[in-house]
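Working notes, beginning with the structure itself.
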């Protein structure tokens, strides 16, 4: 009998064709308790992926299309005077759900973007001095168009760092493009069935936390992190939050693959998704036309891989 993880992946595959790695890493982030940023051009299935996950996980979700006129109160809620009672009452915003889908998050103003900082880090929102906790589980799936597209604003580093991973869907290959043309995305979404309940997801998140990590792998992650802080390569290196994200994703990756222990390969498999949006190349490497993935790959080659029996 397939595991719950495999059943979730199979359900999402009904609408997302040929993007198995993206699906797996999104599930890993969910099980690790993290948030997901999907960066790509419009029309490649970013929103469909998020909706498919909400159905496969049988979780409540709310979607907000971010535009310049979306205000923090639309997200977090606000107090409104009630004439009948003569008192103020709280009107909750869209954030009070299990999955918050922030569509085209980089099209709104920095003020509204910053409204998500507290909620993403601490799982609660404060409005006019009153703090309200989020439901469990809670995570944000945000989509954004590449910076430089019409009407976009770059997300600040403080917010990018709160996303556990950043993924790119990319164009489908030829065969999957044909499958997409033959299908009907709305009908396919209706066919996505619940593969897990809330209790299953919370239990799986606890099981991920208990995945064993050898002391040498803790040291290996720190060694990789310190290499990203070399000013010859990066103007902005990996933060402590980033190295924690590598650890959590590696544990979730091991769990999805049916193991209760982490290997160096788990770290390698999640390395680019966790680090790519957190680091900034040095000016010299930018001028030479180097890519972030290329330099992150050289970091993996520099640190000795621990041999654990």
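The values are calculated or read from the model by the stated rules, or taken from the named source; none is laboratory data. No experiment lies behind these values; they were computed from the predicted model shown. A quick note on method: Cβ atoms are made from the backbone with ideal geometry, for glycine too, and the neighbour counts reach across all protein chains shown.
Here are a few things to note about the model shown:
- The range 1-22: number of residues that are under 17 Å from residue 253 (Cβ atoms) and in contact with a helix residue (DSSP H, G or I) (Cβ under 8 Å, 6 or more places away or on another chain): 8
- Elements of the type strands (runs of 3 or more DSSP E) sitting completely within the range 1-112 and holding at least 3 residues that are surrounded by fewer than 19 Cβ atoms within 10 Å (Cβ to Cβ) and in the same structural domain as residue 152 (by TED's automatic domain parsing): these cover 61-65, 77-82, 87-92.
- Against the criterion of being free of Cβ contacts under 8 Å to residues at least 40 places away in the same chain, touching a helix residue (DSSP H, G or I) at 6+ places or on another chain (Cβ under 9 Å) and farther than 17 Å from residue 5 by Cβ, residue 297 qualifies.
- Evaluation of residue 273 against (1) in contact with a helix residue (DSSP H, G or I) (Cβ under 6 Å, 6 or more places away or on another chain); (2) in contact (Cβ under 8 Å) with a residue 40 or more places away in the chain; (3) more than 21 Å from residue 160 (Cβ to Cβ) (one fails), failing number: (3)
- Among the residues making up the range 187-212, those that are out of contact with any helix residue (DSSP H, G or I) (no Cβ under 8 Å at 6 or more places or on another chain) and without any contact (Cβ under 8 Å) to a residue 60 or more places away in the chain are 187, 190, 199, 203, 206, 210, 212.
- The condition of being surrounded by fewer than 18 Cβ atoms within 10 Å (Cβ to Cβ), touching a helix residue (DSSP H, G or I) at 6+ places or on another chain (Cβ under 7 Å) and modelled with pLDDT under 90 holds for only one of 117, 155, that being 117.
- Inter-residue pairs, beta-carbon under 7 Å, first touching a residue at least 60 places away in the same chain (Cβ under 8 Å) and assigned by TED's automatic domain parsing to the domain that holds residue 263 and in the range 213-227, second surrounded by 20 or more Cβ atoms within 10 Å (Cβ to Cβ) and part of a loop (DSSP other than H, G, I, E, B), 6+ apart: 217/262
- Helices (runs of 4 or more DSSP H) fully within the range 232-309 that include at least 3 residues being in contact with a strand residue (DSSP E or B) (Cβ under 8 Å, 6 or more places away or on another chain) and within 19 Å of residue 38 (Cβ to Cβ): 264-275.
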